[in-house]
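Structure first, commentary second.
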Amino acid sequence: MPEAGRFPCTFRVRQHFDAPRLDDVPGEVCRQLGRLGLGERVGPGQSVAVTVGSRGIANLAEIVRAAVGYLRGLRLEPFIVPAMGSHGGGTAEGQRALVEGYGVTEAAAGCPIRSSMDTVVVCRTAEGFPVHFDRIASEADHVLVLNRVKPHTGFVGEIESGLMKMLLIGLGKHDGAAVYHRAILDYSFDRIIRSVAGEVLRRCRILAGLGIVENAYEQTARIEAVLPGEFEAREKELLKLARRWMARLPFDDVDVLLIDRIGKDVSGTGLDTNVVGRKFNDHRAVEGELPRVRRICLRDLTHETHGNAVGVGIAEFCRTRLLRGADLAATRLNAMVANHVSAAMLPLDYETDRAMLAAALSTIGLTPAKNARLLWIADTLHLAELECSAAYLAEAQSRDALEILTPPRPLPFDASGNLPDDEP
């Protein structure tokens with residue numbers, strides 16, 4: 001069959017999102033922390049552990065440096081604690097490497113980095129399981145909790161992923177994350193996060209939180225400093241903003257979603273399940289969930305994920321090179337600790353993009369391949385520009401929020417049957 005009949009033609013679009021943005025990120029960090037009157041709660045020379053997680057956050061190095069500088073201005077002694085469950089291969093060295101990979105080095109931050117997988121058990125919850133807390137952070141006089149607030153990839157509630165989650169998963173390290181993810185089989189995520197975070201806030205000298213919300217273009221939209229007693233109330237409001245401002249696919253029904261890369265820096269599950277419509281079931285949208293994506297094809301991993309391919313199991317097809325670049329031990333460890341075992345299962349793999357897409361398009365039902373609804377994105381964080389198959393053209397032309405950048409043209413396979421590795 002001629003190439004034009006085996007694959008749909010695609011055109012490029014630019015999405016226009018409602019996207020507030022902070023112009024002075026370091027200044028806003030200092031202004032927000034300055035609102036809290038922290039000088040009245042600390043003493044000169046006291047230590048402060050500042051959490052940095054494994055998630056990619058816009059302007060992270062700037063935010064951390066500004067927070068460290070503000071704390072130093074109070075004559076405190078800040079240091080960074082890598083706060084993540086089993087990421088970085090579940091080792092202190094791996095977790096330090098992750099934060100340094102985001103530009104948060106000792107030189108850039110202006111303070112030491114102290115990484116350990118050791119925890120202390122501060123108490124047991126009312127449900128009976130132990131509350132783990134990073135040992136090094138537990139020895140500090142204060143802890144500043146820093147994290148992005150966003151929808152969780154597996155749970156729905158008033159509180160999902162943000163400051164409260166950092167208190168239990170990030171600062172709980174491997175041991176805590178393993179316990180809490182097992183507990184989810186017996187208790188709701190909402191109950192666990194409130195129970196554990198409540199104990200940590202009562203017992204672990206939390207000084208303040210710094211919640212970050214990003215817009216659809218992965219830019220810093222809001223930063224808010226929060227006192228410990230306000231974590232829950234303020235995080236609820238920040239999550240509403242995060243949902244409103246998050247990037248989405250432009251269409252609800254998709255036969256094949258082609259993704260250039262997945263990784264832990266993109267999402268805790270490698271690809272954001274809120275974006276691909278697989279928050280509750282790895283391989284299809286549940287009733288009422290959007291978008292509805294029939295098949296997902298993955299091309300590669302991000303460099304920053306360091307081989308952690310968790311989330312690969314959410315896709316049906318992938319390039320063989322992705323599996324060659326995967327650290328399967330780290331991937332399985334992360335999936336096991338998160339109690340999302342299927343996220344590490346391997347899809348059908350193919351040497352070339354052409355072979356992978358041909359296989360995927362043969363499984364979408366009666367729709368001819370040339371008429372398939374195909375979307376091609378860089379990753380689930382970068383959705384401002386993407387490729388759409390010709391089946392979407394008429395609808396795209398009627399949408400004010402979509403700017404059509406090119407006419408439909410054939411997919412740009414090279415002589416080996418692969419697509420460009422740059423953004424399409």
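The values are calculated or read from the model by the stated rules, or taken from the named source; none is laboratory data. Predicted model, so just to flag it, every value in this text is computed and none were measured. Neighbour counts run over all protein chains shown; Cβ positions are idealised from the backbone, glycine included.
For the stretch 182-201, the criterion of being part of a loop (DSSP other than H, G, I, E, B), surrounded by 24 or more Cβ atoms within 10 Å (Cβ to Cβ) and not assigned by TED's automatic domain parsing to the domain that holds residue 336 is satisfied by no residue at all.
In the stretch 27-54, what residues are within 22 Å of the chain's Cα centre (by Cα) and not small (Gly, Ala, Ser)?
So the first thing to find is which residues in the stretch 27-54 are within 22 Å of the chain's Cα centre (by Cα), and the list is 29, 50-54.
Scanning the stretch 27-54 gives 29, 50, 51, 52.
Give the residue that is farthest from residue 101 (Cα to Cα), with candidates limited to residues of the stretch 55-71 that are within 16 Å of the chain's Cα centre (by Cα) and small (Gly, Ala, Ser). Walk me through it before giving the result.
Quick first cut of the stretch 55-71, residues within 16 Å of the chain's Cα centre (by Cα) only: 55-60.
Next, from what is left, pick out any that are small (Gly, Ala, Ser): 56, 58.
Details: 56: 10, 58: 13 Å.
So the residue we want is 58.
Taking the stretch 238-253 as the range and being out of contact with any strand residue (DSSP E or B) (no Cβ under 9 Å at 6 or more places or on another chain) and either under 12 Å from residue 215 (Cβ atoms) or of a type in the set (Asp, Glu) (or both) as the test, only 244 passes.
Listed residues 46, 15, 32; which is farther than 29 Å from residue 143 by Cβ, at pLDDT 95 or above and in contact with a strand residue (DSSP E or B) (Cβ under 9 Å, 6 or more places away or on another chain)?
15
Among the residues here, residue 145 does not qualify as assigned to a strand (DSSP E or B), under 23 Å from residue 333 (Cα atoms), assigned by TED's automatic domain parsing to the domain that holds residue 193 and touching a helix residue (DSSP H, G or I) at 6+ places or on another chain (Cβ under 6 Å).
Could you list, in sequence order, the residues of the stretch 181-235 that are among the hydroxyl-bearing types (Ser, Thr, Tyr) and at pLDDT 95 or above? It would help to see each step written out before you state the result.
Residues of the stretch 181-235 that are among the hydroxyl-bearing types (Ser, Thr, Tyr), as a first pass: 187-188, 195, 217, 220.
Selection gives 220 alone.
Out of everything in the stretch 112-135 that is outside any strand (DSSP E or B) and of a type in the set (A, V, I, L, M, F, W, C), what residue ends up being nearest to residue 174 (Cα to Cα)? Explain how you work it out, then say what you get.
First pass over the stretch 112-135, keeping only residues outside any strand (DSSP E or B): 112, 114-118, 125-129, 135.
Right, trim to of a type in the set (A, V, I, L, M, F, W, C) and you get 117, 126, 129.
On the way: 117: 7, 126: 21, 129: 15 Å.
Selected residue: 117.
Within this structure, residue 354 fails the test of being at pLDDT 95 or above and in contact with a strand residue (DSSP E or B) (Cβ under 9 Å, 6 or more places away or on another chain). Residues in the stretch 121-141 that are of a type in the set (Asp, Glu), surrounded by fewer than 20 Cβ atoms within 10 Å (Cβ to Cβ) and either over 15 Å from residue 184 (Cβ atoms) or modelled with pLDDT of 95 or more (or both): 139, 141.
A Cβ distance below 6 Å, combined with a sequence gap of six or more or placement on separate chains, defines the contacts here; from the stretch 152-163, residues that are surrounded by fewer than 21 Cβ atoms within 10 Å (Cβ to Cβ) and acidic (Asp, Glu) reach residues that are modelled with pLDDT of 85 or more and not in a loop (DSSP other than H, G, I, E, B) in the pairs 158/236.
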